[in-house]
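Let me begin by presenting the structure, written as structure tokens, before commenting on it.
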Amino acid sequence: VTRTTRAALVAAAAAALALGCARERPADAPLRLGYFPNVTHAQALVGVDDGTFARALGPFEPRMFNSGPAAMEALLAGDLEATYVGPGPAAIAFLRTGGRALRVVAGASSGGAVLVVRDAERPEDLKGTRVATPGHGNTQDVALRAWLAEHRLADRGGEDGVEVTPLSGPDVLQLFRRGDIAGAWVAEPWGARLVAAGGRILVDERTLWPDGRFPAAVLAVSRRAIETRRADVVRLVRAHLELTERWRAAPSAFAALANAAYGSRAGKPLPADVIEDAFSRVAPTADPMRGPLEEIARRTQGLGFAPPGDVSAMVDETLLGEVARR
Amino acid sequence: VFLAGPLLTWELLSRLGAWPPWLLPAPSAVAARLGELVSDGRLPAAVGRSLGRLAQGYAISTALGLPLGLAMARSALVKAGLRPVVLGLQALPSICWMPLAILWFGLSEVAILFVVVMGSLLAVAIATEDAVSGVDPVLLRAAGTLGIRGPRFHLGVLLPAALPAVLTGLKLGWSFAWRALMAGELLFVAGGLGQLLQAGREILDAAQVIGVMASIVAIGILVDQVLFRILELRVRRRWGLLEAA
């Protein structure tokens, strides 16, 4: 063994150690909960702001993300124990890690995704245009590509296809107003905001699923947290159920709370009619909707966003059961 | 040979499961992913698109930067008026132009070209100015004595004399342009290597991320070490700098 090889080995071992150990975190450290400032994550917006999570969990760290992939990245890196996230990124993260990183423990909301266009009347009218989604491999991105394939439109641009363009919410709004994009497949409240900016709903995703029900957001928890601090996760799920029930019981009051929480993050709350419109397409649910969720997971595989693998272990309903029993 | 050791160790440790493969995949997994990206045409298309943008942006930068640098070096008025602005803006990383570029030009090629040009134009201009200012005054006086003026002076005396140093500036400009382009494509959309890298990130595909990074490095080395090296060697030989060194 030469000196160089030895040095390389030592360096590699140190790197391995750093990668493996830097992420260790004591099991009694505050739970870190991710969410996005979206209507489909309303439980998180309300629960973080009105203290529901704090009462249930004690000290915890809310972390706001702007897209699913970023939240999944944090969860995989060990910087997050649980997060509200769309089913697309959750499925990709599950499959990418061979099921070793996370489980979906509950649903959060159903619906709340629309394709808003400037002036297209039919799917064919979108040929040769650009349509935005919130992010490559995000839930709406997967939905748009599946819908395009169904209508025999390519998703890589060209004359016979649509150029799927990942953009953040504010950029979508700005470029939609400028006419640089023909439409966008987005989650609420962006759908309602685009409609308020003069857009028209071409597809309400609820019309594409049986009974109009499909997961818009789910509660995903890292497997390590489920294993090492199950009691905390159960408390989190219980708080989540309580918030879901409040949303179901008094939707407009809950929408107002969510809008106030949204306003404190985005600068100002949305106009009442926009938030009302946004909430009208979203329904609260704790059901992870195993069937549609697995369908979305298979779509991510079909698009090459996720490696092949079994998706049936993605949902862990035992935590919901535990909460129900107590 | 020098790279083989660490690569082999990396592969070995990955196979032994020293770290989760989704954080740092083995080199063989990266190579496999690169192969896939090449065979489904996405990598070549992205390389083509990025290099096309780079060529355009860089051409504009040089076309504007060389005269700008020359003017700053030769005219006290231009120097007094523009130099502080140029130096000030040069301190601004070009990606900071992105929000404005999107506002002004929308989601278009122009916006990304703008960012690339803003990234390299000023570097080229400043390097050209330094190069021209550094030309041996004896040479300039000789040219003056011989009555060489106007375009003949600028193109026949000044530029050739400054060429070796200008070339360094052009090289600098290229690397600034390349960086600006990658930064822009990471944030921006529609094709290109940066976009492919970001796409890999968004589907949590570390193998794709590393593969695209390796391609970016490869292109950088190719242009820097091969293209510019040949040009530099030629210029230095013609100017007799090689033998002197």
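The values are calculated or read from the model by the stated rules, or taken from the named source; none is laboratory data. Keep in mind the model is a prediction, meaning the values are calculated, not measured. A quick note on method: Cβ atoms are made from the backbone with ideal geometry, for glycine too, and the neighbour counts reach across all protein chains shown. SASA here: full protein model, heavy atoms, side chains in, ligands and nucleic acids out. Shrake-Rupley method; radii C 1.70, N 1.55, O 1.52, S 1.80 Å.
Brief remarks on what is shown
- Per-atom-type breakdown for the stretch B:1-124 gives carbon and sulfur 77% of the accessible area (1.4 Å probe, protein chains only).
- Partner chain coverage, peptide B:198-209 - average Cβ within 10 angstrom: 6
- Dipole check for the protein assembly as shown: with +1 at the C-beta of Lys and Arg, -1 at the C-beta of Asp and Glu, and the Cα centre as origin, the magnitude is about 1720 Debye.
- Cα convex hull, the protein assembly as shown: 190 Å³ per residue, rounded to a whole number.
- The accessible-area loss of the stretch A:156-181 on complex formation, taken against its chain alone with a 1.4 Å probe, reaches 10 Å² or more at A:Arg156, A:Glu163, A:Thr165, A:Pro166, A:Leu167, A:Asp171, A:Gln174, A:Leu175, A:Arg178, A:Asp180.
- For the stretch B:1-140, the relative contact order works out to 27 percent when only alpha carbon pairs closer than 8 Å and six or more residues apart are counted.
- Here, the stretch A:191-326 is characterised by an Rg to Rh ratio of 1.00, where Rg is the alpha-carbon radius of gyration and Rh the Kirkwood radius.
- Expected-Rg normalisation [2.2 N^0.38 Å, Cα atoms] applied to the stretch A:177-229: 1.70
- Size descriptors for the stretch B:22-95: radius of gyration and Dmax over Cα atoms are 21.0, 59 Å.
- List A:Leu270, B:Leu68, ordered by accessible area with a 1.4 Å probe, largest first: B:Leu68, A:Leu270
- Between helix B:109-133 and chain B: long-axis angle, C-alpha atoms, 0 to 90°, nearest 10: 40 degrees
- Label zone (A:Asp125, point 7 Å along Cα-to-C-beta; backbone nitrogen cut-off 20 Å) within the stretch A:196-210: A:196-208.
- Probe 1.4 Å - accessible area at A:Arg100, Å² to nearest ten: 140 Å²
- Mean projected area (nm²) of the alpha-carbon convex hull when the stretch B:179-224 is viewed from all directions: 3.0 nm²
- The charge dipole of chain A, taken about its Cα centre with unit charges on the Cβ atoms of Lys, Arg (+1), Asp and Glu (-1) only, comes to about 960 debye.
- Principal-axis tilt of helix B:228-238 within chain B, Cα atoms, nearest 10 degrees: 30 degrees
- Within the stretch A:243-281, backbone nitrogen closer than 16 Å to the virtual label 7 Å beyond the Cα of A:Asp50 toward Cβ: A:243-264
- Membrane-span-like helices in chain A (whole DSSP H runs, Cα extent of at least 15 Å along the helix axis, mean Kyte-Doolittle hydropathy of at least -0.5): A:3-21, A:139-150, A:230-249, A:251-266.
- Given their separation in residues at 0.36 nm each and the Cα-Cα distance between them, B:Leu3 and B:Arg238 gain 81.0 nm when the chain is fully extended.
- Efficiency of FRET between B:Ala218 and A:Ser252 - r from beta-carbon atoms, R0 56 angstrom, step 0.05: 0.45
- What chain B shows is 50 Å² of accessible area per residue, with the surface traced by a 1.4 Å probe over protein heavy atoms.
- Interchain or long-range residues, amide H under 5 Å from A:Ser110's placed H: A:Ala216, A:Ala283, A:Thr285
- Crossing angle, helix B:4-16 versus chain B [Cα axis fit, 0-90 degrees, rounded to tens]: 30 degrees
- Distance histogram in 10 Å bins (all Cα pairs of the stretch A:281-326, percent per bin): 23, 40, 29, 8, 0
- With a Förster radius of 22 Å applied to the beta-carbon distance between B:Val138 and B:Ile230, the computed FRET efficiency rounds to 0.15.
- Percent RCO, i.e. relative contact order, over the stretch A:95-254, from Cα pairs under 8 Å lying at least 6 residues apart: 37 percent
- Whole-number percent relative contact order across chain A, with pairs defined as alpha carbons under 8 Å at least 6 apart: 27 percent
- On association of chains A and B, roughly 2500 Å² of accessible area becomes buried (total for both chains; probe 1.4 Å).
- Square roots of 5 times each gyration tensor eigenvalue, C-alpha, chain B, largest first, Å: 42, 23, 14
- J(HN,Hα) series, the stretch B:166-182, from Karplus relation 6.51 cos²θ - 1.76 cosθ + 1.60, nearest Hz, glycine and proline x: 4, 4, 4, x, 5, 5, 4, x, 4, 5, 5, 4, 4, 5, 4, 5, 5
- Annotation: per residue accessible area for the stretch A:147-276 equals 45 Å², rounded to a whole number [probe 1.4 Å, protein chains only].
- Placing dummy labels 7 Å off each Cα toward the beta-carbon, the span from A:Arg265 to B:Leu89 is 3.8 nm.
- Relative compactness, the stretch A:49-139, computed as alpha-carbon Rg over 2.2 N^0.38 Å: 1.39
- Cα-based Kirkwood hydrodynamic radius, chain A, one decimal, Å: 20.4 Å
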